[in-house]
Structures are given as C-alpha cells and as structure tokens.
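Working notes for the structure below.
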Amino acid sequence: MENITASYFTKAELWLCITTLVYFLMNGAQIFETLVFVPKWTASPPDSFKLLLDGQGAGLKNFWIIMHSLHEITFILAIVFCWKTDPVRNWLLLLFVIHSGARIWTLLFFAPNIIDFQKAAGASSLTEDMMSRTSLWQTLNYVRVAVFMAVSIGLIPLCIKLFNLRH
C-alpha cells in the first residue's frame, strides 16, 4: 500500500462514498415500498394485485431496474478504485458477494412471483397456493430488505477506514 497516491485515495473515497450514498437511497426506497406499498398490494388479492400493473398501478419495474443497475455500476467502480487498499477491497468484495446473493435471490424468487401476481390481477378468485405465495413473498421480503440494509451499513466502516488510511 506504500505506492498509493493522494489522487488514488481521492478517487477511491469518491466512489466508495457514491456507492454508499446510492445504496442508502436504494434502501430508503425499499423500506418505503416494504412498509407502505407491499401491504397495500398484499391486502386483498387478487384485486389488490392491480397495484402492480404498469399503467394501472405503481409500475415500479423500471425504477428498480435503473436503481439496481446504477448501484451495481457504482459498487463495481468502488471495488475497482479501492483495489489497492487490501482491507477495504477485501470487505468490499465480501459485501458485494452478499449483495449479489440477494440480487440473485430477487431474480430467482421475488421477480417471477411478482410477474405471477401481475398475471393474477384480473382473476376473479385466488387459489390457496397464490395466497400462501403472497404471504411468503411479503415475509421473505423483510429478510431481503434487512440483508440489503446490512450491506449498506457495512459500507460505513469501510468509508471511515479508507479516510483513515490516507492520514
């Protein structure tokens, strides 16, 4: 680490702070969605599933695609620019693996279920299976949001550590 310049630290600090900020913004949206929006669309399915439809409801798909894409780009840039700082890099890699696991879980479980719930929006009745899937989705979403929050909180000590390494 002796060959690290002040310019390098500036870039590393900048990208780590940006990814931390974007992660907290993303978590704010997730917390709002979890506490306000999810209870509304899970309240009385299948009628409440209409809130998930683009054009009739919130249509949050584009927002989340943009938000997660932006965050993952900034996270990767933080890793790239912190690469020479071993302790920060190693913890960033661990946090990125945890984050990636939650994203994969989102793509394999949460997104396909939301698509199924959207398809059921026009149904006149709901099967017991769909009711239990809705309940499971809502419960597991609390876990997923907690994982994302833990990752963002884990970025704070890395910011502090990086700032302290310069001095």
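The values are calculated or read from the model by the stated rules, or taken from the named source; none is laboratory data. These figures come from a predicted structure and were not determined experimentally. Here the Cβ is made from the backbone with ideal geometry for all residues, glycine too, and neighbour counts use every protein chain on show.
For Glu33, the requirement of being in a helix (DSSP H, G or I), closer than 23 Å to Arg133 by Cα and either under 19 Å from the mean Cα position of the chain (by Cα) or in contact (Cβ under 8 Å) with a residue 60 or more places away in the chain (or both) is met. With respect to Lys50, is the statement that it is basic (Lys, Arg) and either at pLDDT 90 or above or within 18 Å of His68 (Cβ to Cβ) (or both) true? When the stated conditions are applied, Lys50 does not pass them. Hey, any hits in segment 4-11 for a residue that's in a helix (DSSP H, G or I) and in contact with a Leu (Cβ under 8 Å, 6 or more places away or on another chain)? The answer is yes, given that some residue of segment 4-11 is in a helix (DSSP H, G or I) and in contact with a Leu (Cβ under 8 Å, 6 or more places away or on another chain).
Is it true that some residue in segment 75-98 is surrounded by 14 or more Cβ atoms within 10 Å (Cβ to Cβ) and small (Gly, Ala, Ser)? Yes, because at least one residue in segment 75-98 is surrounded by 14 or more Cβ atoms within 10 Å (Cβ to Cβ) and small (Gly, Ala, Ser). Screening Ser125, Ser135 for residues that are under 22 Å from Phe37 (Cβ atoms) and not hydrophobic (A, V, I, L, M, F, W, C) leaves exactly one candidate, Ser135.
Counted as qualifying within segment 54-145 are the helices (runs of 4 or more DSSP H) with 3 or more residues that are without any contact (Cβ under 8 Å) to a residue 12 or more places away in the chain and farther than 21 Å from Phe24 by Cα, namely 111-119.
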